[in-house]
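Working notes, structure below.
The values are calculated or read from the model by the stated rules, or taken from the named source; none is laboratory data. In this text the structure is predicted, and so the values were computed from the model without any measurement. Don't worry about glycine lacking a Cβ; one is built from the backbone with ideal geometry, like all the others, and counts go over all protein chains shown. The accessibility values were calculated without ligands, DNA or RNA, using every heavy atom of the protein model including side chains. Shrake-Rupley method; radii C 1.70, N 1.55, O 1.52, S 1.80 Å.
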Amino acid sequence: MTTLAIAANGLRKSYGDKTVLDGVDLTVPEGTIFALLGPNGAGKTTAVKILSTLITADAGDIHIGGHDLTADPQAVRAGIGVTGQFSAVDGLITGEENMLLMADLHHLSKAEGRRSAAELLERFDLTDAAKKPASTYSGGMKRRLDLAMTLVGNPRIIFLDEPTTGLDPRSRHNMWQIIRQLVSDGVTVFLTTQYLEEADELADRIAVLHDGRIAAEGTADELKRLIPGGHIRLRFTDPTAYQSAATALGEVTRHDESLSLQIPSGGSQRELRAILDWLDASGIEADELTVHTPDLDDVFFALTGSAKVPTQPNQPNQSKENVR
Ligand SMILES: Nc1ncnc2c1ncn2[C@@H]1O[C@H](COP(=O)(O)OP(=O)(O)OP(=O)(O)O)[C@@H](O)[C@H]1O
Ligand SMILES: [Mg+2]
């Protein structure tokens with residue numbers, strides 16, 4: 001049986017007459033990465049703040065690391081780390097001093113605090129900058145320092161609210177590496193993100209928050225299968241094979257120039273096998289078989305109800321094709 005690091009049932013939160021969370025259930029198994037996706041104002045930060053004891057929910061049953069959050073918030077706090085959406089770094093003091101301050105907050109001894117600060121600064125490639133005021137750090141360095149500060153005290157569950165917003169692609173990939181490393185050490189990560197690609201890259205499970213509720217939840221692949229647009233493509237080099245396949249399959253879109261056929265499909269194993277069996281039985285050999293699923297952007301826009309902005313003129317609603 002898997003142990004749950006985070007289990008929340010029926011989370012509710014309103015500000016005045018604005019309902020932000022309207023019955024949200026979340027479960028995150030230990031040692032996995034969970035991504036909460038949602039447009040601006042969906043309630044991601046609110047959810048993170050509730051789960052990390054920073055604000056209280058109006059209703060809901062929450063267990064973090066096995067502790068009941070309402071009954072024992074202290075025990076929950078002792079086992080978690082939180083990197084907020086907005087930096088907790090104090091710019092007036094150095095990176096090292098920021099780290100030592102965190103060590104103090106965690107009641108580490110002076111020696112232990114120094115050791116932990118030095119080790120984490122090294123791990124986040126901040127040793128050279130450790131003695132400089134944090135206000136002189138770049139956005140990426142501040143973000144790394146933020147995360148390093150979160151890891152003081154060795155939390156087993158960490159909450160990252162938009163950990164890579166504002167980072168350039170290289171810094172973002174570095175951050176992904178760091179997050180993956182944490183998880184391979186057994187840490188559980190709950191992150192929020194605006195980047196569907198990030199959820200796709202990192203998360204074991206993804207939930208899309210919309211109108212106060214979870215509009216969909218699953219692995220990236222499961223979510224992609226929720227919306228239409230998936231298909232299997234068969235490509236031929238032999239025009240005769242192409243013709244016979246096109247005639248026999250019937251319900252397909254033909255691309256005569258590239259000798260390829262497109263069959264609507266969710267890409268399940270069963271559908272794939274049916275096509276392969278059928279090709280075998282007919283003695284037709286395709287040169288290439290690819291499964292195309294809609295990407296998370298398609299899912300996100302379909303679920304949150306906004307129209308997708310075409311990325312290029314003349315190609316409205318173009319979906320990136322993920323060839324597997
Ligand atoms: N302290 C507060 N008082 C009143 N309303 C609030 C408060 N905090 C958040 N809200 C409202 O709750 C809603 C959800 O806010 P939240 O910050 O959780 O969204 P988010 O999903 O994190 O958005 P973003 O992607 O912009 O960070 C918003 O409409 C916001 O205005
Ligand atoms: Mg937020």
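Being without any contact (Cβ under 8 Å) to a residue 60 or more places away in the chain, surrounded by 15 or more Cβ atoms within 10 Å (Cβ to Cβ) and touching a helix residue (DSSP H, G or I) at 6+ places or on another chain (Cβ under 7 Å), is that true of even one residue in the range 204-227? No. Taken over the range 36-95, the residue count meeting the criterion of being more than 24 Å from residue 182 (Cβ to Cβ), under 25 Å from the mean Cα position of the chain (by Cα) and not β-branched (Val, Ile, Thr) is 8. The residue that is nearest to residue 64 (Cα to Cα), among those in the range 158-170 that are open to solvent by 30 Å² or more (accessible area, probe 1.4 Å) and either in a strand (DSSP E or B) or free of Cβ contacts under 8 Å to residues at least 40 places away in the same chain (or both), is 166. Out of all the residues in the range 83-100, is one or more within 16 Å of ligand 1 (Cβ to nearest atom), crowded, with 16+ Cβ neighbours inside 10 Å and assigned to a strand (DSSP E or B)? Yes, the range 83-100 contains at least one residue that is within 16 Å of ligand 1 (Cβ to nearest atom), crowded, with 16+ Cβ neighbours inside 10 Å and assigned to a strand (DSSP E or B).
In a helix (DSSP H, G or I) and either of a type in the set (Asp, Glu) or assigned by TED's automatic domain parsing to the domain that holds residue 187 (or both): does that describe residue 47? Break it down stepwise before answering.
Working: in a helix (DSSP H, G or I): yes; either of a type in the set (Asp, Glu) or assigned by TED's automatic domain parsing to the domain that holds residue 187 (or both): yes.
Taking the combined requirement at face value, the residue satisfies it.
Just name the residue that is farthest from residue 175 (Cα to Cα) out of those in the range 46-70 that are of a type in the set (Val, Ile, Thr) and crowded, with 20+ Cβ neighbours inside 10 Å. Please lay out each step first, then the result.
Filtering the range 46-70 for residues of a type in the set (Val, Ile, Thr) gives 46, 48, 50, 53, 55-56, 62, 64, 70.
So of that shortlist, the ones also crowded, with 20+ Cβ neighbours inside 10 Å come out as 46, 48, 50, 62, 64.
Values: 46: 23, 48: 19, 50: 24, 62: 28, 64: 24 Å.
Ranking the qualifying residues of the range 46-70, first place goes to 62.
Residue 38 meets the conditions (1) in the same structural domain as residue 185 (by TED's automatic domain parsing); (2) open to solvent by less than 40 Å² (accessible area, probe 1.4 Å); (3) in contact with an Asp or Glu (Cβ under 9 Å, 6 or more places away or on another chain) in every case but one. The failed one is (3).
Within the range 279-301, the set of residues being assigned to a helix (DSSP H, G or I) and of a type in the set (Ser, Thr, Tyr) comprises 282 only.
Let's see how each residue does on (1) without any contact (Cβ under 8 Å) to a residue 12 or more places away in the chain; (2) in the same structural domain as residue 142 (by TED's automatic domain parsing); (3) within 16 Å of ligand 1 (Cβ to nearest atom):
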position	(1), (2), (3)
11	no, yes, yes
31	no, yes, no
34	no, yes, yes
72	yes, yes, no
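Before we move on, is residue 73 away from ligand 2 (no atom under 13 Å from the Cβ) and either in contact with a Lys or Arg (Cβ under 9 Å, 6 or more places away or on another chain) or open to solvent by 20 Å² or more (accessible area, probe 1.4 Å) (or both)? The answer is yes for residue 73. Against the numbered list (1) in the same structural domain as residue 21 (by TED's automatic domain parsing); (2) touching a helix residue (DSSP H, G or I) at 6+ places or on another chain (Cβ under 9 Å); (3) away from ligand 1 (no atom under 16 Å from the Cβ), residue 57 comes up short only at (3).
Taking residue 230, is it of a type in the set (Gly, Ala, Ser), more than 30 Å from residue 284 (Cβ to Cβ) and touching a strand residue (DSSP E or B) at 6+ places or on another chain (Cβ under 7 Å)? Break it down into steps so the answer makes sense when it comes.
Numbers: of a type in the set (Gly, Ala, Ser): yes; more than 30 Å from residue 284 (Cβ to Cβ): no; touching a strand residue (DSSP E or B) at 6+ places or on another chain (Cβ under 7 Å): yes.
The answer is no for residue 230.
Is the range 213-224 home to any residue that is in a strand (DSSP E or B), closer than 22 Å to residue 9 by Cα, more than 9 Å from the chain's Cα centre (by Cα) and charged (D, E, K, R)?
Start the filter on the range 213-224 by keeping residues that are in a strand (DSSP E or B), which leaves 213-218.
Then keep just the ones that are closer than 22 Å to residue 9 by Cα; that gives 213-218.
Remaining after also requiring more than 9 Å from the chain's Cα centre (by Cα): 213-218.
If we keep only those that are charged (D, E, K, R) too, we end up with 213, 217.
Looking through the range 213-224, at least one residue is in a strand (DSSP E or B), closer than 22 Å to residue 9 by Cα, more than 9 Å from the chain's Cα centre (by Cα) and charged (D, E, K, R).
Every residue in the range 184-198 that is within 15 Å of ligand 2 (Cβ to nearest atom) and of a type in the set (A, V, I, L, M, F, W, C), please. Even if it seems obvious, please write down each step before you answer.
If we filter the range 184-198 for residues that are within 15 Å of ligand 2 (Cβ to nearest atom), which is where we start, we get 190-195, 198.
Correct list: 190, 191.
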